[in-house]
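See structure below.
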Amino acid sequence: MSGVYRAVVKVADKFVPTKLRPLWEHEAGPKTIFFWAPAFKWGLVMAGLGDLNRPVESLSLPQSVSLAATGLIWSRYSLVIIPKNYSLFAVNVFVAITNLYQIGRAIKYQQNLKEKEKVKE
């Protein structure tokens with residue numbers, strides 16, 4: 001941890017209410033990377049949700065497959081590590097779901113293209 005981060009946490013410690021102390025002191029709480037990494041990973045979910053409006057012909061199937069696989073793998077991992085990281089689990093489930101939906105859109109589009117080509121013949 002950097003000195004600046006430790007100083008910020010030390011100052012913030014004084015302002016955390018008693019009821020929130022268990023969360024604050026948790027092994028995967030706001031003092032750790034186990035809290036902040038999943039928090040920032042929600043940006044991938046937001047980007048994926050934004051891509052739902054993207055024209056299907058511009059979707060990258062390999063990118064969607066890799067993001068869906070990553071989401072599934074990390075979802076599993078987040079439940080076997082100690083301490084279990086439910087925040088990491090939730091964000092990765094959403095990464096997987098949004099990209100599995102995009103994969104479905106892309107495959108359906110490719111199948112429709114093949115059908116249109118057969119009709120032309």
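The values are calculated or read from the model by the stated rules, or taken from the named source; none is laboratory data. In this text the structure is predicted, and so the values were computed from the model without any measurement. Because the Cβ atoms are built from the backbone with ideal geometry, glycine has one as well, and the counts that use them run over all protein chains shown. With ligands, DNA and RNA removed, areas are computed over all heavy atoms of the protein, side chains included. Shrake-Rupley method; radii C 1.70, N 1.55, O 1.52, S 1.80 Å.
Observations on the model:
- Charge dipole (debye, nearest 20) of the chain; +1 at Cβ of Lys and Arg, -1 at Cβ of Asp and Glu: 240
- Whole-number accessible area per residue in Å² for the chain, which is evaluated in the context of all protein chains at 1.4 Å: 72
- Hz values of 3J(HN,Hα) by residue in segment 29-40 - Karplus curve (6.51, -1.76, 1.60), Gly and Pro given as x: x, x, 7, 10, 5, 5, 8, 6, 4, x, 4, 6
- Percent carbon-and-sulfur accessible area, the chain, ignoring ligands, DNA and RNA, probe 1.4 Å: 67
- Prolate/oblate/rounded label for segment 38-80 (Cα gyration tensor, a/c 1.5): oblate
- Our coupling estimate for segment 6-12, obtained by passing each phi through the Karplus curve with A = 6.51, B = -1.76, C = 1.60 and θ = phi - 60°, is 4, 5, 5, 5, 4, 5, 5 Hz, Gly and Pro reported as x.
- For the chain: lysine pairs under 24 Å (alpha-carbon distance), excluding those fewer than 8 apart on one chain: 11
- Summed residue charge, Cβ within 15 Å of Ala90's Cβ, Lys/Arg positive, Asp/Glu negative: +3
- The spread of Cα positions in the chain, taken along each principal axis and listed from longest to shortest, comes to 74, 27, 26 Å.
- Restriction of the GluC sites (Glu not before Pro) in segment 19-99 to DSSP coil positions whose beta-carbon has at most 12 other beta-carbons within 10 angstrom yields Glu27.
- Charge context of Ile33, other residues only, Cβ under 15 angstrom, K/R +1, D/E -1: +2
- Low-density loop cleavage sites - chymotrypsin sites (Phe, Trp or Tyr not before Pro) in segment 1-73, where at most 16 other Cβ are within 10 Å (DSSP): Phe15
- Taking a Cβ cut-off of under 13 Å around Tyr101, the surrounding Lys, Arg, Asp and Glu residues balance to a net charge of +2, with basic ones at +1 and acidic ones at -1.
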